[in-house]
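Read-outs: derived from the displayed coordinates by stated rules, not from any lab. Note that this is a predicted model, so its numbers are computed, not measured. In this analysis, Cβ positions are derived from the backbone assuming ideal geometry, glycine residues included, and neighbour counts consider all displayed protein chains.
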Amino acid sequence: MSISIASFLVPKCYYERMQDLAEDEWLSSMSYEEFREWNMHCIIELTNEEDAWMVGLCRHLKDSKIVLMDMETPCARFTADSFYFNENREVVIVNPR
């Protein structure tokens, strides 16, 4: 079974919340379409090794096997469901509200 990395990019509703709450000028300065285009560009530029790693990450996201712990909120745990590449091309893993 093939996994589409792009299908795990943060959805528009997450992006709108990120724009509303983030103090990050990079996020607030672009539309969701531009944000998605940036991320698609990052995906296209992945090396074979990075692509394989991202496919594995997406499989884990699909199977709810990535759990994030927030040390600020009494060590609350959140299952991750998506990701995006930030302005430095770092992978940011996201959990739903």
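Laid out as a table, the results:
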{"quantity": "Ranked list, fewest to most other Cβ atoms within 10 Å of each Cβ, for Glu34, Glu72", "calculated": "Glu72, Glu34"}
{"quantity": "Shape of the chain, Cα gyration tensor, a/c cut at 1.5", "calculated": "oblate"}
